[in-house]
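Working notes, structure below.
Rule-based calculations on the coordinates, nothing more; no lab input. All values derive from a computational prediction rather than experimental measurement. Positions of Cβ are backbone-derived with ideal geometry, glycine not excepted, and every protein chain shown enters the neighbour counts.
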Amino acid sequence: MKIAGSTALVTGANRGFGRHLAAELLARGATVYAGARNPDSVDLPGVTPVKLDITDPASVAAAAKLAGDVNLLINNAGIDTGTDLLEGDLDLVRLELETHYLGTLSMVRAFTPIITGNGGGTILNVLSVLSWVNFPHLGAYGAAKSAEWAMTNALRLQLAERGVRVAGLHVGYMDTDMTAGVTAPKSDPAVIARIGVDGIEADAYEIVTDETSRQVQAGLAGGVAALYPQLP
């Protein structure tokens, strides 16, 4: 889709990757709604702040009523509780799923009629390399992202006939607040935002943005032995 002249809503746009996405869209001529639980925390000039908690149905409905001209929805809002699936707090596991899976799905359900009513457009779900591979200390996050990936695939098929393209973006670590404690190499979120918006403009269904994600994607065909060589 053409970014210039489009109208986008980015969830979780007050900081981190979401803020970079909103800035990139603005720079390319889009009108941008910036969703955040606290709209006063949105400090990017040129966007329209929107109070939005994707886990609250009333908040999602209010945002949909306000942003009725959207034809590009970017589902970026997320959390990482660092919860272990075996021993971690089950409520935190539920929170990960409520956010990444059910929250994203609520946004899609609310905005699909809007996007189709505006002549069609694109939905981008910001996923992760952890949609494809997982580790114990990131168990809840990876499980929720895997569920979001499966949802993205299902919705892609269902919405194609309605003129809505559903894309997924895969990325490893980015240099944001969420990864402040990570010492592994991290991508520049501004660079990943440019790649992501390039992918939207190119009508890509799957946007694989870094070498880590490309390597893991290639390893999927090799099964467990390729993804988890540490197993006996």
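Identify the single condition in (1) within 26 Å of Lys2 (Cα to Cα); (2) more than 16 Å from the chain's Cα centre (by Cα); (3) of a type in the set (A, V, I, L, M, F, W, C); (4) part of a loop (DSSP other than H, G, I, E, B) that Leu231 does not satisfy, given that it satisfies every other one.
Just one mismatch for Leu231, condition (1).
Checking Ser6 against (1) in contact (Cβ under 8 Å) with a residue 60 or more places away in the chain; (2) surrounded by fewer than 23 Cβ atoms within 10 Å (Cβ to Cβ); (3) under 18 Å from the mean Cα position of the chain (by Cα), which test does it fail?
Going through (1) in contact (Cβ under 8 Å) with a residue 60 or more places away in the chain; (2) surrounded by fewer than 23 Cβ atoms within 10 Å (Cβ to Cβ); (3) under 18 Å from the mean Cα position of the chain (by Cα) one by one, Ser6 breaks only (3).
Which residue pairs have Cβ atoms under 7 Å apart, sit 6 or more places apart or on different chains, and have a first residue in segment 18-45 that is of a type in the set (D, E, K, R) and a second that is buried (at least 20 other Cβ atoms within 10 Å of the Cβ) and assigned to a helix (DSSP H, G or I)?
Short answer, once both residue conditions are applied: Glu24/Ala193; Glu24/Val197; Arg28/Val197.
Here is a yes/no grid of residues against (1) of a type in the set (Gly, Ala, Ser); (2) surrounded by fewer than 11 Cβ atoms within 10 Å (Cβ to Cβ); (3) in contact with a Gly (Cβ under 9 Å, 6 or more places away or on another chain); (4) farther than 25 Å from Leu102 by Cα:
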| site | (1), (2), (3), (4) |
| --- | --- |
| Val164 | no, no, yes, no |
| Asp175 | no, no, no, yes |
| Ser187 | yes, no, yes, yes |
| Glu206 | no, no, yes, no |
| Glu211 | no, no, yes, yes |
| Gln217 | no, no, no, no |
| Leu227 | no, no, yes, yes |
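Output the residues belonging to segment 26-36 that are touching a strand residue (DSSP E or B) at 6+ places or on another chain (Cβ under 7 Å) and assigned to a loop (DSSP other than H, G, I, E, B).
Residues of segment 26-36 touching a strand residue (DSSP E or B) at 6+ places or on another chain (Cβ under 7 Å): 26, 30-36.
Passing the criteria: only Ala30.
Only one of Gly88, Gly68 is over 22 Å from Arg165 (Cβ atoms) and among the small types (Gly, Ala, Ser); which?
Details: Gly68 fails: over 22 Å from Arg165 (Cβ atoms).
After ruling out the rest, the residue left standing is Gly88.
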